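Following: one structure in structure tokens, then a few remarks.
The values are calculated or read from the model by the stated rules, or taken from the named source; none is laboratory data. Note that the coordinates shown come from a computational prediction; the quantities given were computed from them, not determined experimentally. Virtual Cβ from ideal backbone geometry, glycine too; neighbours counted across all protein chains shown. Heads up: the accessible areas ignore ligands, DNA and RNA and are worked out on the full protein's heavy atoms, side chains in. Shrake-Rupley method; radii C 1.70, N 1.55, O 1.52, S 1.80 Å.
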Amino acid sequence: MFRYALRRLSSLIISLAVASLVIFLVVEVAPGDPASYMLGINAQPDTVAALRAELGLDVPRYQRYFDWVSGLMRLDFGTSYTYRTPVAEMISDRMRVSLPLAVYALTLSTLIAFPAGIYAASRRGKAGDTAVIGLSQLGVAVPNFWFAMMMVLVFAINLRWFSAGGFPGWEKGFWGGMKALTLPAISLALPQAAILARVMRSSLLDMLDEDFMRTARAKGLSRRHALWKHGVRNALIPVLTILGLQFSFLLAGGIIIEQVFFLPGLGRLVFQSISQRDLIVVESVVMLLVFAVICVNFLVDLAYAAVDPRLRTRT
Amino acid sequence: MRWNRNLVLGAVLTGLFVVGALISFVWTPSDHTVLDIAGKLKRPGDGNLLGTDHFGRDILTMIMVGARTSIAVALVAVGIGMLAGVPLGLTAAARHGGWLDEVIMRGNDLIFAFPSLVIAILITAVFGASAVNAIIAIGIFNIPVFARLTRSGALSLWGREFIMAARVAGKGAARISAEHILPNIANLLIVQGTIQFSLGILAEAGLSYVGLGAQPPTPSWGRMLADAQTLVSIAPHLALIPGLAIILTVLGLNLMGDGLRDLLDPRLRERSV
């Protein structure tokens with residue numbers, strides 16, 4: 001297990017290196033010079049040159065790349081072109097909205113999907129199963145931002161239980177913040193829960209047909225015991241993959257949901273920064289999101305190996 | 001039989017929108033490029049079957065023309081994902097633990113690691129917002145989905161006795177992958193294909209909702225929803241109708257996929273009879 005983890009860790013580092021290079025290059029080819037953009041079209045060439053020097057844009061590309069990467073490692077993301085504040089500060093401000101939102105949504109999604117999937121599989125073909133399938137079919141088909149709009153219409157505009165958008169900030173109290181994130185988290189979680197419940201159900205059903213399940217029943221385990229001890233544990237392998245994938249869906253979906261609810265998260269930061277040509281912010285936020293997803297995938301792979309020892313060895 | 005009902009219902013729902021999209025090439029109830037401010041925000045049934053939007057454009061027309069965009073983008077994106085992803089996944093599984101497996105899967109992780117929407121935003125920031133860039137952005141991210149699924153499905157088969165038998169019989173990895181692995185994971189791929197197709201439709205709607213998909217005057221369901229957002233309390237039908245169009249199309253595709261899976265997999269057919 002240790003050697004496996006070490007091997008995966010080395011490929012994690014390579015992935016991060018390649019990712020940083022790709023992001024840097026993509027942002028580099030983006031048209032428009034940040035300095036001339038900031039100063040407007042009437043700026044004198046020497047003023048632009050001075051600003052370029054101040055922003056560190058006058059050094060060669062490869063040096064800018066290394067400066068950027070070594071800065072990232074020290075959690076120094078540079079200074080925003082537009083706001084002249086440290087990017088790290090801006091990001092950590094926005095993370096306080098985006099990260100709780102993703103975690104909130106992932107928790108809701110798992111809490112709904114696992115029991116629903118297991119319940120449906122254990123009642124294959126019966127009314128309960130059909131109901132779960134029907135609901136998950138519907139859940140998969142609903143665009144989360146449309147669902148969000150409908151929830152705003154019902155719970156914010158008509159019933160006035162929640163605000164239609166915005167975020168009061170955690171300083172105003174934990175529950176106020178959670179309340180503001182509740183509609184967005186539900187909008188994000190429900191479609192994901194539908195997918196997860198489907199995968200859980202079909203994966204568990206595949207397991208029920210396996211020989212080892214019959215063996216477990218034959219040696220005297222009750223249906224419920226066999227399902228939990230052998231079925232669910234084995235069914236978790238594909239479910240873990242989907243769960244890992246969902247993290248990136250939640251981060252990406254969060255960007256759109258943040259637009260619907262006017263939440264000051266990372267997504268809105270990216271949109272603002274692109275329209276203001278604040279490329280250093282774009283670069284850092286994208287790198288951060290990529291870093292998060294690569295790490296989650298790494299953890300999923302480790303969890304795989306922990307659940308299924310067969311995957312640790314080469315065949 | 002159950003599969004039949006799913007298949008028929010799904011095919012009818014999907015067919016409705018495909019036919020609507022096709023008809024829109026030759027005929028639409030009105031012209032979606034002509035604005036009629038005097039006739040704006042009409043309720044459904046009030047002269048126009050599904051009402052009019054804030055520019056007085058007929059919503060049925062917008063839905064029909066918008067269906068073209070959604071279906072085309074999603075279809076091409078899934079095609080890209082399958083054509084590239086499945087062979088990659090089969091190769092990785094056949095070379096499990098080897099350097100090729102490692103390279104393919106790390107490459108996949110890398111694409112996966114880029115939140116698709118963020119990259120779509122980057123692509124549009126660099127190359128401009130358009131339907132083609134939306135296809136590229138959605139398509140690229142379908143590749144690792146199919147590669148991973150194919151690999152994990154294939155891996156679970158490679159240890160089975162019938163594969164051992166094929167190896168003993170002298171078949172090479174490529175032949176085993178094509179003749180024994182692929183047919184056995186085909187139903188997995190079909191189910192995932194329908195999920196990706198529906199996700200493609202949803203992703204296209206999402207991208208055009210934030211203004212990164214097809215550009216005006218090309219109607220798209222996502223932008224209809226974006227336009228409806230500020231009007232949702234006075235004209236809810238503006239948000240309801242495009243939303244229902246998306247839901248019904250995606251639902252239809254998924255039902256059709258389920259029906260096809262049951263049809264293609266004899267084991268499942270026995271089970272449901």
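If we keep just the residues of the range B:139-162 that are facing chain A (nearest Cβ under 9 Å) and of a type in the set (A, V, I, L, M), which is surrounded by the fewest Cβ atoms within 10 Å (Cβ to Cβ)? Within the range B:139-162, the match that is surrounded by the fewest Cβ atoms within 10 Å (Cβ to Cβ) is B:L155.
I want to confirm something. Restricting to the range A:134-182 and keeping residues that are away from chain B (no Cβ under 14 Å) and under 24 Å from A:I195 (Cβ atoms), which single residue is most open to solvent (accessible area, probe 1.4 Å)?
Filtering the range A:134-182 down to residues away from chain B (no Cβ under 14 Å) leaves A:161-163, A:166-182.
When the remaining residues are screened for being under 24 Å from A:I195 (Cβ atoms), the result is A:181-182.
Details: A:L181: 0, A:T182: 25 Å².
Among those that are away from chain B (no Cβ under 14 Å) and under 24 Å from A:I195 (Cβ atoms), it is A:T182.
Residue count for the range A:197-221, restricted to those that are of a type in the set (A, V, I, L, M, F, W, C), open to solvent by 40 Å² or more (accessible area, probe 1.4 Å) and more than 38 Å from the chain's Cα centre (by Cα): 1. For the condition surrounded by fewer than 18 Cβ atoms within 10 Å (Cβ to Cβ) and within 14 Å of another protein chain (Cβ to nearest Cβ), what is the one hit in B:L110, B:L100? Of B:L110, B:L100, the one residue that is surrounded by fewer than 18 Cβ atoms within 10 Å (Cβ to Cβ) and within 14 Å of another protein chain (Cβ to nearest Cβ) is B:L100. If the condition is being surrounded by fewer than 18 Cβ atoms within 10 Å (Cβ to Cβ) and more than 30 Å from A:I242 (Cα to Cα), then the range A:89-114 contributes only A:E89.
Scanning the range A:1-16 for residues that are open to solvent by less than 50 Å² (accessible area, probe 1.4 Å) and farther than 15 Å from A:V286 by Cβ, which turns out farthest from the other protein chains (Cβ to nearest Cβ)? Let's see the steps before the verdict.
Just the residues of the range A:1-16 that are open to solvent by less than 50 Å² (accessible area, probe 1.4 Å), to begin with: A:4-5, A:8, A:11-12, A:15-16.
Those still in the list that are farther than 15 Å from A:V286 by Cβ too: A:4-5, A:8, A:11-12.
On the way: A:Y4: 11, A:A5: 15, A:R8: 10, A:S11: 5, A:L12: 9 Å.
Only one residue fits best here, namely A:A5.
Within the range B:230-261, the residues that satisfy the criterion of being touching a Leu at 6+ places or on another chain (Cβ under 9 Å) and of a type outside the set (A, V, I, L, M) are B:S233, B:P236, B:H237, B:P242, B:G243, B:T249, B:G252, B:D258, B:G259, B:R261.
Determine, yes or no, whether B:P216 is farther than 30 Å from B:D53 by Cβ, over 20 Å from the mean Cα position of the chain (by Cα), modelled with pLDDT under 85 and away from chain A (no Cβ under 12 Å).
Numbers: farther than 30 Å from B:D53 by Cβ: no; over 20 Å from the mean Cα position of the chain (by Cα): yes; modelled with pLDDT under 85: yes; away from chain A (no Cβ under 12 Å): yes.
No; evaluated as a whole, the condition is false for this residue.
Residue by residue, here is whether (1) open to solvent by 30 Å² or more (accessible area, probe 1.4 Å); (2) touching a helix residue (DSSP H, G or I) at 6+ places or on another chain (Cβ under 9 Å); (3) more than 17 Å from B:F55 (Cα to Cα); (4) touching a residue at least 40 places away in the same chain (Cβ under 8 Å) holds:
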site	(1), (2), (3), (4)
B:N6	no, yes, yes, yes
B:A11	yes, yes, yes, yes
B:L16	yes, yes, yes, yes
B:L22	yes, yes, yes, no
B:F25	yes, yes, yes, yes
B:D31	yes, yes, no, no
B:I37	yes, no, no, no
B:L41	yes, yes, no, yes
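Just wondering, is there one or more residues in the range A:254-274 that are among the polar types (S, T, N, Q), out of contact with any His (no Cβ under 9 Å at 6 or more places or on another chain) and without any contact (Cβ under 8 Å) to a residue 40 or more places away in the chain? Yes: the range A:254-274 contains one or more residues that are among the polar types (S, T, N, Q), out of contact with any His (no Cβ under 9 Å at 6 or more places or on another chain) and without any contact (Cβ under 8 Å) to a residue 40 or more places away in the chain. Could you give me the residue pairs with C-beta distances under 6 Å whose first residue belongs to the range A:130-153 and is part of a loop (DSSP other than H, G, I, E, B), whose second residue is of a type in the set (V, I, T) wherever it lies, and which are 6+ apart or on separate chains? From residues that are part of a loop (DSSP other than H, G, I, E, B), the pairs are A:V142/B:I247; A:P143/B:I246. Here B:I121 fulfils each of the conditions (1) away from every other protein chain (no Cβ under 14 Å); (2) open to solvent by less than 10 Å² (accessible area, probe 1.4 Å); (3) not aromatic (F, W, Y) apart from (1). In this entry, B:I201 passes the filter for residues that are in contact with a Pro (Cβ under 9 Å, 6 or more places away or on another chain), more than 8 Å from every other protein chain (Cβ to nearest Cβ) and either over 22 Å from A:F249 (Cα atoms) or not aromatic (F, W, Y) (or both).
Restricted to the range A:222-243, and to residues there that are among the small types (G, A, S) and farther than 23 Å from B:N184 by Cα, the residue that is most open to solvent (accessible area, probe 1.4 Å) is A:S222. B:L248 meets each of the listed conditions (1) within 22 Å of the chain's Cα centre (by Cα); (2) modelled with pLDDT under 80; (3) surrounded by fewer than 17 Cβ atoms within 10 Å (Cβ to Cβ) apart from (2). Applying the criterion of at least 2 residues that are farther than 23 Å from B:P242 by Cα and modelled with pLDDT of 75 or more to the helices (runs of 4 or more DSSP H) found wholly in the range B:29-137 leaves B:59-94, B:99-113.
Taking the options A:V29, A:V87, A:V18, name whichever one is within 30 Å of B:G98 (Cα to Cα) and within 27 Å of the chain's Cα centre (by Cα).
On the way: A:V29 fails: within 30 Å of B:G98 (Cα to Cα); A:V87 fails: within 30 Å of B:G98 (Cα to Cα).
That would be A:V18, the only listed residue that is within 30 Å of B:G98 (Cα to Cα) and within 27 Å of the chain's Cα centre (by Cα).
Report the residue count in the range B:219-233 for those that are facing chain A (nearest Cβ under 9 Å) and open to solvent by 40 Å² or more (accessible area, probe 1.4 Å). Residues that pass the stated criteria total 2.
The test for being more than 23 Å from A:V232 (Cβ to Cβ) and within 14 Å of chain B (Cβ to nearest Cβ) holds for A:S98. With respect to the conditions (1) touching a Gly at 6+ places or on another chain (Cβ under 7 Å); (2) more than 14 Å from chain A (Cβ to nearest Cβ), B:H180 falls short on a single one, namely (1). One residue is enough: does the range A:32-44 have a residue meeting the conditions closer than 29 Å to A:E258 by Cβ, surrounded by 13 or more Cβ atoms within 10 Å (Cβ to Cβ) and among the hydroxyl-bearing types (S, T, Y)? Checking the range A:32-44: at least one residue is closer than 29 Å to A:E258 by Cβ, surrounded by 13 or more Cβ atoms within 10 Å (Cβ to Cβ) and among the hydroxyl-bearing types (S, T, Y).
Would you check if B:A129 is closer than 30 Å to A:V22 by Cα, more than 9 Å from chain A (Cβ to nearest Cβ) and open to solvent by 30 Å² or more (accessible area, probe 1.4 Å)? Explain how you work it out, then say what you get.
Details: closer than 30 Å to A:V22 by Cα: yes; more than 9 Å from chain A (Cβ to nearest Cβ): yes; open to solvent by 30 Å² or more (accessible area, probe 1.4 Å): yes.
It is true that B:A129 is closer than 30 Å to A:V22 by Cα, more than 9 Å from chain A (Cβ to nearest Cβ) and open to solvent by 30 Å² or more (accessible area, probe 1.4 Å).
For first residues located in the range A:158-173 and of a type outside the set (V, I, T), partners that are part of a loop (DSSP other than H, G, I, E, B) and open to solvent by less than 80 Å² (accessible area, probe 1.4 Å) and lie 6+ apart or on another chain with Cβ distances below 6 Å form the pairs A:F167/A:L263; A:F167/A:P264.
On the given criteria, is B:R68 more than 10 Å from chain A (Cβ to nearest Cβ), open to solvent by 40 Å² or more (accessible area, probe 1.4 Å), touching a helix residue (DSSP H, G or I) at 6+ places or on another chain (Cβ under 9 Å) and within 17 Å of B:A205 (Cα to Cα)? Explain how you work it out, then say what you get.
On the way: more than 10 Å from chain A (Cβ to nearest Cβ): yes; open to solvent by 40 Å² or more (accessible area, probe 1.4 Å): yes; touching a helix residue (DSSP H, G or I) at 6+ places or on another chain (Cβ under 9 Å): yes; within 17 Å of B:A205 (Cα to Cα): yes.
Spelling it out, B:R68 is indeed more than 10 Å from chain A (Cβ to nearest Cβ), open to solvent by 40 Å² or more (accessible area, probe 1.4 Å), touching a helix residue (DSSP H, G or I) at 6+ places or on another chain (Cβ under 9 Å) and within 17 Å of B:A205 (Cα to Cα).
Residue check: A:R124 meets all listed conditions (1) within 30 Å of A:A197 (Cα to Cα); (2) not in a loop (DSSP other than H, G, I, E, B) but one, namely (2). Taken together, the residues in the range A:54-82 that are touching a residue at least 40 places away in the same chain (Cβ under 8 Å) and part of a loop (DSSP other than H, G, I, E, B) amount to 5.
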